[in-house]
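Data block below; observations after.
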Amino acid sequence: LTKAQLKVLSEIKNDLLSEKPINRLLQGDVGSGKTIVSLIAMLIAVDNGYQAAIMAPTEILADQHAKNISAMMKKLHDQYSEREIRVSLLLGGQKKSEREKRLQEIELQEAYIVVATHALFEEKVNYKNLGLVVIDEQHRFGVRQRARLQSKGKTPEVLVMSATPIPRTI
């Protein structure tokens, strides 16, 4: 990791240790490592008994995140950990049987990291213990959509990511 990534991770960790729920923006250029920083934050949540969810704006990006995160979790499990961190991909175009299986994994907390598009906040999606919500390309989602996802947990931590500069006045 770069010095900047380590600095941001340290800040996020301190935020997670705080009594107040975080609502943090992680802004950086495309390819700057926002996803790995958010994954490490998700692992902190998982390590503390929570589920984490990452919402992507397209099924293609959600699928890409799920494959990359799953591969990293498999490598982590094979090399360093006895605990398997299961990743579940939830997409609108899934077969009904596949979707039902994923929904059950989420509700029973068999899935520790959930990757999806808008499907994350649908009524049928019930998290057992949602602790961290990551929203990729946050500017592609509306305020109500982000709020609906946050309402799926008691008071989940929120980390939004964007490669698009956002004026500080907003």
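The values are calculated or read from the model by the stated rules, or taken from the named source; none is laboratory data. Because the structure is predicted, anything quoted here is derived from the model rather than measured. Counting neighbours? That spans all protein chains shown, and the Cβs are built from the backbone with ideal geometry, glycine included. Only protein heavy atoms, including side chains, enter the accessible area calculation; ligands, DNA and RNA are left aside. Shrake-Rupley method; radii C 1.70, N 1.55, O 1.52, S 1.80 Å.
Give the residue that is surrounded by the fewest Cβ atoms within 10 Å (Cβ to Cβ), with candidates limited to residues of segment 106-131 that are of a type in the set (Val, Ile, Thr) and not in a strand (DSSP E or B).
First, pick out the residues of segment 106-131 that are of a type in the set (Val, Ile, Thr): 106, 113-115, 117, 125.
Narrowing the set further to residues that are not in a strand (DSSP E or B) leaves 106, 117, 125.
On the way: Ile106: 25, Thr117: 22, Val125: 19.
Per the stated criteria, the residue is Val125.
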Residue under evaluation Ile69, criteria (1) closer than 23 Å to Thr155 by Cβ; (2) within 15 Å of the chain's Cα centre (by Cα), criterion not met:
(1)
Would you confirm, using the coordinates I've provided, whether Gln138 is over 16 Å from the mean Cα position of the chain (by Cα) and modelled with pLDDT under 90?
no
Return the pairs, sorted by first residue and then second, in which the second residue is surrounded by 13 or more Cβ atoms within 10 Å (Cβ to Cβ) and among the polar types (S, T, N, Q), the first residue lies in segment 17-32 and is within 19 Å of Ile135 (Cβ to Cβ), the beta carbons are less than 8 Å apart, and the residues are 6+ apart or on different chains.
Leu25/Gln138; Leu25/Ser162; Leu26/Ser38; Leu26/Ser162; Gln27/Ser162
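Looking only at segment 29-44, how many residues end up being at positive phi and open to solvent by less than 50 Å² (accessible area, probe 1.4 Å)? Lay out the reasoning, then the answer.
If we filter segment 29-44 for residues that are at positive phi, which is where we start, we get 31, 33.
In the following step, the residues that additionally are open to solvent by less than 50 Å² (accessible area, probe 1.4 Å) were identified as 33.
Within segment 29-44, residues that are at positive phi and open to solvent by less than 50 Å² (accessible area, probe 1.4 Å) number 1.
With respect to Ala62, determine if the residue is in a helix (DSSP H, G or I) and in contact with an Asp or Glu (Cβ under 9 Å, 6 or more places away or on another chain). If you could, list the steps in order and put the result at the bottom.
Details: in a helix (DSSP H, G or I): yes; in contact with an Asp or Glu (Cβ under 9 Å, 6 or more places away or on another chain): yes.
Taking the combined requirement at face value, the residue satisfies it.
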The residue that is modelled with the highest pLDDT, considering only those in segment 94-116 that are over 15 Å from Leu43 (Cβ atoms) and among the small types (Gly, Ala, Ser), is Ser97
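What number of residues in segment 69-92 are open to solvent by less than 70 Å² (accessible area, probe 1.4 Å) and either among the polar types (S, T, N, Q) or outside any helix (DSSP H, G or I) (or both)?
9
For segment 19-28, name all the residues that are more than 16 Å from the chain's Cα centre (by Cα) and open to solvent by less than 50 Å² (accessible area, probe 1.4 Å).
Gly28, the sole residue that qualifies.
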Residues of segment 141-154 that turn out to be touching a strand residue (DSSP E or B) at 6+ places or on another chain (Cβ under 9 Å) and either at pLDDT 85 or above or open to solvent by 70 Å² or more (accessible area, probe 1.4 Å) (or both), as a count:
1
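Given the criterion modelled with pLDDT under 90 and in contact with a Ser or Thr (Cβ under 9 Å, 6 or more places away or on another chain), identify the matching residue among Leu17, Leu91, Leu76.
Details: Leu17 fails: in contact with a Ser or Thr (Cβ under 9 Å, 6 or more places away or on another chain); Leu76 fails: in contact with a Ser or Thr (Cβ under 9 Å, 6 or more places away or on another chain).
Of Leu17, Leu91, Leu76, the one residue that is modelled with pLDDT under 90 and in contact with a Ser or Thr (Cβ under 9 Å, 6 or more places away or on another chain) is Leu91.
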